[in-house]
Amino acid sequence: MSQFWKPGTEKPRSCLVDDEEGGVLFYAAPPSSSGHGYSSFERLRQRLPVFKYRTAILYLVEKHATTIIVGETGSGKTTQIPQYLKEAGWAEGGRVIACTQPRRLSVQSVASRVAEEMGVKVGEEVGYTIRFEDKTNQGVTKIKFLTDGVLLREMMNDPLLTKYSVIMVDEAHERSLSTDTLLGLLKKIQRRRPELRLIISSATIEAKSMSNFFRTRKKNDGQASEDNGPNIEPSILSVEGKGFPVEIFYVEEPVSDYLRAAVDAVLLIHEKEPVGDVLVFLTGQDDIDAAVQLLTDEARETTRRHSGLLVLSLYSGLSRADQDLIFTPTPKGKRKVIISTNIAETSLTLEGVVYVVDSGFSKQRFYNPISDIENLVVAPISKASARQRAGRAGRVRPGKCFRLYTEDFFVQDMPVEGIPEMQRSNLVSFVIQLKALGIDNILGFDWLALPPPESMIRALEVLYSLEILDEDAKLTSPTGFQVAEIPLDPMISKMILTADALGCLEEIITIAAILSVQSIWVSVRGTHKGLDEVKLRFAAAEGDHVSFLNVYKAFLQSGKSSQWCYKNYINYHSMKKVVEMREQLSRLVRRLGIIPKSCGMDMQAVRRAIISGFFAHASQLEEYSQNGMYKTVRSSQEVYIHPSSVLFRVNPKWVVYHSLVSTDKHYMHNVIAIDPSWLTEAAPHFYQQRRPSIPLF
DNA sequence: GAGCACTGC
């Protein structure tokens, strides 16, 4: 490999480790004593006491309000912490230890692992809560795993999270919108509840900013020194991961075509390296399909040399059967090559991978608050991502990672961490959640990353136009408070609330559920023709939303049959989610005192309800347009009906769309035809007057 | 006549 690949010179990640007890030992380092960089480790080693893991954890949680654990990726050590805490009495007197994860799957798997280690059943002493599933037993459950989104929801009923004695936030380095929100709120809670302990676990070494963030009270704040409360200086604990070392290789020269370079790298690995599966990170389905094609062709041409290659693709849209193929063990004499999106970086773990090929790119979402459009853009990944990808090669034995970029690029040009989601998202749901918690001065609030003011303004504007916020930017009653209760995009929640008055809530709940899943259609290349024919069967003249009702009705008539779904190009798993979500929404509106009613065949009521939430998404067909060009009412943006819509080529004069998707053009996804007079009826404040300037901050 | 990184309540 040497003429092509250059070994990395970066020092391997090493932490404060001493090998005792056949495992790992740790140094506990208060952040004030050092910058917590690699260079200071040796110095710390000489100056600081050495603790065993359990002792260190208990000591730090006892003495410090906040403990930050760094660099433990894959160590499995975080799952031991709640057990230590429980043994030390932190779950006595009705108190509960909470541990959050950003994903439902990890919540379930960590909970069952911990329950097994403790020899109890999930749902008793150890339980978990994720959306649609609550496996806890009040009074019995002492350690509770949950997604950070669920914990945020819990705060709406119990803003100080009083039942928890310790809250552990895992995977904080991922900087998801809900993790950042949670950490900001937890910092605030700590001031009111000095006895609360926080443990924040992060895989990146950049612990200092996290530590600074939690160093809240000033030194001369008398209250802090008088009581015997915990030290408000956050403590940092470095933990060595248990992964095997991974040797890093870079390309000597920048590559112009990462797809071709990835294929070549796989062939080279297959030729030169001993057995072991290969994981290739590309950006999306297009890339992946092309690479699979190239590899398959290549393997066919040179049968003898490249026999034994088993090429598979991996992305979230795959059917269950295809995913199972990924997880079956590699047959003897074969080498599995998995070409994947970012899904394999965090969401799925593949066993047996020894070689990683990293393109250095991923698709990332960016939000433009001026146009109010979210875009998916192929962009270079961060160093943190690159390390995470490389780490995937060291799970079973020492591995190798081949990076399709130069070491100079890695060292000099790659950002240390990605842009937090807070700074590249639409913030309407974020804002309404905070408003419901009584937080008004959102930009003055302490966040790990400041939400961009433009996005804040846009979110407040949208919520004001929906009459969820009033002129003082306070939640309206009852609409605003009710919308905050509903766990959906506020525009959809508004549509649900109006549907009650229009007598079509049964129908609108179905539409809301379908709009909230990714897609109810199967998305496999080459199925367009069949899919289009099937869509005609369900097509309604009013548009896509009404067609969804036809699909749902037919699905129920089939007895919720997976076979029926298969025949009709409908994604069975999406439909099951729709059913679940419908049930949840139905329970929820009943709790708000609303009994869902059906409007039968009155689709005008349904369309009016949709407009009550989506009046801002109206477009008008250009009068002399030959190619179906529309202009949005709000900003005269040039838009088109997406070819997947049942109204494609029908081109009604006025439409309302659910979302805009931007590729070469701006496409409207999920469209219904409307009468423009319904717009002014639904939102006179929006269409008849200039919007007043509202006090934003 | 086209394209959906990934989560989550």
- Taking region A:393-436 and keeping residues part of a loop (DSSP other than H, G, I, E, B), within 22 Å of the chain's Cα centre (by Cα) and over 17 Å from A:ILE381 (Cβ atoms) leaves A:SER425, A:ASN426, A:LEU427
- When the residues of region A:72-85 are filtered to those that are surrounded by 20 or more Cβ atoms within 10 Å (Cβ to Cβ) and over 24 Å from the mean Cα position of the chain (by Cα), which remaining residue is nearest to A:LEU237 (Cα to Cα)? A:ILE81
- Task: Check off (1) closer than 21 Å to A:MET581 by Cβ; (2) open to solvent by 20 Å² or more (accessible area, probe 1.4 Å) for A:SER493 and give me the number that stays unchecked.
- Result: (2)
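Any residue at all in region A:527-535 that's polar (S, T, N, Q), open to solvent by less than 10 Å² (accessible area, probe 1.4 Å) and on the phi < 0 side of the Ramachandran plot? Steps first, please.
The first filter runs over region A:527-535 and keeps only residues polar (S, T, N, Q), leaving A:527.
Then drop every residue that is not open to solvent by less than 10 Å² (accessible area, probe 1.4 Å), which leaves none.
For region A:527-535, residues polar (S, T, N, Q), open to solvent by less than 10 Å² (accessible area, probe 1.4 Å) and on the phi < 0 side of the Ramachandran plot: absent.
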- Item | Scope region A:627-669; condition part of a strand (DSSP E or B), more than 16 Å from DNA strand B (Cβ to nearest atom) and surrounded by 19 or more Cβ atoms within 10 Å (Cβ to Cβ); matching residues | A:THR632, A:VAL655, A:VAL656
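From the list A:GLU417, A:GLU421, exactly one residue is open to solvent by 40 Å² or more (accessible area, probe 1.4 Å), at pLDDT below 90 and closer than 24 Å to A:ALA172 by Cα. Which is it?
Values: A:GLU421 fails: at pLDDT below 90.
The conditions single out A:GLU417.
Could you name every one of the strands (runs of 3 or more DSSP E) located completely within region A:92-201 that has at least 1 residues being crowded, with 22+ Cβ neighbours inside 10 Å? Let's see the steps before the verdict.
Details: elements: A:96-101, A:126-130, A:133-135, A:143-147, A:164-169.
Counting at least 1 such residues, we get A:96-101, A:126-130, A:143-147, A:164-169.
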- Query: In region A:464-490, what count of residues is obtained for those that are open to solvent by less than 10 Å² (accessible area, probe 1.4 Å) and within 23 Å of the chain's Cα centre (by Cα)?
  - Reply: 4
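Select from region A:574-600 the residues that are open to solvent by less than 80 Å² (accessible area, probe 1.4 Å) and free of Cβ contacts under 8 Å to residues at least 12 places away in the same chain and list them in ascending order. Break it down into steps so the answer makes sense when it comes.
Filtering region A:574-600 down to residues open to solvent by less than 80 Å² (accessible area, probe 1.4 Å) leaves A:574-575, A:578-582, A:584-586, A:588-589, A:592-594, A:596, A:598-600.
Answer for region A:574-600, where residues must be open to solvent by less than 80 Å² (accessible area, probe 1.4 Å) and free of Cβ contacts under 8 Å to residues at least 12 places away in the same chain: A:GLY593, A:GLY600.
Go through region A:239-266 and give me each residue that's open to solvent by less than 30 Å² (accessible area, probe 1.4 Å) and modelled with pLDDT under 75. So that I can check it myself, show each step before the final result.
Start the filter on region A:239-266 by keeping residues that are open to solvent by less than 30 Å² (accessible area, probe 1.4 Å), which leaves A:239, A:241, A:249-251, A:261-263, A:265-266.
A:VAL239, A:GLY241, listed by residue number.
The values are calculated or read from the model by the stated rules, or taken from the named source; none is laboratory data. These numbers were taken from a predicted model, which means no experiment stands behind them. Using ideal geometry, Cβ is built from the backbone for each residue, glycine included, and neighbour counts are taken over all protein chains shown. In case anyone asks, the SASA skips ligands and DNA or RNA and just uses the protein heavy atoms, side chains included. Shrake-Rupley method; radii C 1.70, N 1.55, O 1.52, S 1.80 Å.
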